[in-house]
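The values are calculated or read from the model by the stated rules, or taken from the named source; none is laboratory data. Quick caveat, the model's predicted, so the values are computed rather than measured. Neighbour counts run over all protein chains shown; Cβ positions are idealised from the backbone, glycine included.
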Amino acid sequence: MVSISGRLRVGVIGVGSLGQHHVRIYSHMPDAELVGIFDANQARAGEIATRHHTRVFGTLDDFFGRVDAVSLAVPTIDHAAMGVRLLGEGIDVLVEKPIATSVEEADALIESARLHQRILQVGHIERFNPAVTAARKILTDPKFFEIHRLSLFTPRSLDIDVVLDLMIHDLDILLSFVNAEVADIRAVGLPILTPKVDIANVRIEFTNGCVANLTASRVSTEKVRKLRFFQPNDYVSIDYSRQEMLVLKLRKSETGELNIDGDRLCEPPEEPLKLELESFLSAVRHRTTPEVSGEDGRRALKVAQEIVKKIEMHSRIALGGSPLSSASS
């Protein structure tokens with residue numbers, strides 16, 4: 001299971017804008033041995049390998065029998081095929097978000113992990129943001145969410161739309177915060193700089209009455225990562241980027257007067273990706289359920305794909321079609 005030194009043998013597949021950071025962090029983890037990396041761009045893989053003192057593998061097969069666990073940070077379209085092969089070879093997998101391009105592919109990954117008794121974790125990194133950790137400790141019964149995730153345009157992840165690229169982070173947090181099923185989704189979105197939707201606005205209603213408004217854009221002039229929610233007597237504001245949480249509470253004084261008090265409550269600042277990889281390796285070593293399971297990734301993907309369908313339907317209606325014609329096409 002582990003190397004002679006007692007360290008887990010790990011690898012990284014895909015060393016692009018995010019995968020390179022997996023390599024960096026693994027290379028400094030005392031309980032991990034970074035065995036090797038692979039990328040379709042062998043020149044880039046060579047640069048990353050040299051920088052972090054590891055080796056480059058020429059194919060996926062080179063990992064078989066040599067590693068205990070891998071981070072899979074390739075384009076989403078390759079997640080299922082590569083992930084199923086790795087799991088089938090007895091390798092535990094952390095697959096970057098979204099888990100796959102379809103619910104069917106997600107099911108294939110989940111089934112392969114179950115069949116081969118492997119760990120499958122999904123890289124929803126905001127679960128490990130210290131501000132989210134702090135908020136979860138005071139979570140009671142949230143009733144309303146207002147969420148914004150805005151980014152400057154970059155040429156990365158253009159194989160998927162903004163819902164699967166950016167909004168899915170907040171969908172995962174939202175679904176983990178609200179203890180109810182989704183009842184209704186309304187969504188609009190537009191392609192701006194790419195053929196796919198670059199900006200989207202969504203309203204989600206849950207069966208318990210909770211409502212969430214989400215906006216995601218990858219064509220903004222500023223970077224914003226904020227989630228706000230209201231629950232009885234509390235207003236909670238999370239700034240993902242600053243790793244800060246502000247809580248405004250309604251309190252009654254000794255004289256019976258109602259006052260609003262504010263507190264900034266946060267965990268010590270940490271790099272969320274480092275916490276994510278530490279959590280993954282802990283699950284691998286102790287054979288425990290990962291913090292973000294394949295089922296969690298599937299649920300977020302399912303809601304994201306329902307949002308995409310709503311956007312497509314709205315666009316067809318705006319162009320003179322109808323829900324009936326769009327559904328039958």
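Looking for something under 24 Å from LEU150 (Cβ atoms), modelled with pLDDT of 95 or more, not in a loop (DSSP other than H, G, I, E, B) and not assigned by TED's automatic domain parsing to the domain that holds ALA113 - is there at least one such residue anywhere in the stretch 283-297?
Yes, there is a match, as at least one residue in the stretch 283-297 is under 24 Å from LEU150 (Cβ atoms), modelled with pLDDT of 95 or more, not in a loop (DSSP other than H, G, I, E, B) and not assigned by TED's automatic domain parsing to the domain that holds ALA113.
Determine if the stretch 113-134 includes at least one residue that is closer than 30 Å to ARG264 by Cα, at pLDDT 95 or above, of a type in the set (S, T, N, Q) and in a loop (DSSP other than H, G, I, E, B).
Checked the stretch 113-134: at least one residue is closer than 30 Å to ARG264 by Cα, at pLDDT 95 or above, of a type in the set (S, T, N, Q) and in a loop (DSSP other than H, G, I, E, B).
Could you say which residue among HIS169, HIS116 is of a type outside the set (A, V, I, L, M) and under 30 Å from LYS249 (Cα atoms)?
HIS169
Considering only residues that are outside any strand (DSSP E or B), touching a Ser or Thr at 6+ places or on another chain (Cβ under 9 Å) and of a type outside the set (A, V, I, L, M), which ones fall in the stretch 165-190?
ASP165, GLU181 - these are the residues of the stretch 165-190 that are outside any strand (DSSP E or B), touching a Ser or Thr at 6+ places or on another chain (Cβ under 9 Å) and of a type outside the set (A, V, I, L, M).
Step by step: first the residues of the stretch 85-106, then only those that are surrounded by fewer than 20 Cβ atoms within 10 Å (Cβ to Cβ) and under 17 Å from the mean Cα position of the chain (by Cα), then the one that is nearest to LYS302 (Cα to Cα). Which residue is that?
Among them, the one singled out is VAL103.
For HIS116, state whether it is without any contact (Cβ under 8 Å) to a residue 40 or more places away in the chain and crowded, with 24+ Cβ neighbours inside 10 Å.
For HIS116, the condition - without any contact (Cβ under 8 Å) to a residue 40 or more places away in the chain and crowded, with 24+ Cβ neighbours inside 10 Å - is not met.
If a residue must be part of a loop (DSSP other than H, G, I, E, B) and either without any contact (Cβ under 8 Å) to a residue 60 or more places away in the chain or within 15 Å of GLU96 (Cα to Cα) (or both), how many such residues does the stretch 3-51 contain?
Here the count works out to 16.
Go through the stretch 52-64 residue by residue and tally those that are touching a residue at least 24 places away in the same chain (Cβ under 8 Å) and either more than 22 Å from ILE91 (Cα to Cα) or not hydrophobic (A, V, I, L, M, F, W, C) (or both).
Of the residues in that region, 4 qualify.
Among the numbered criteria (1) over 25 Å from ILE317 (Cβ atoms); (2) touching a Gly at 6+ places or on another chain (Cβ under 9 Å), which one does VAL202 miss?
Single failed check for VAL202: (1).
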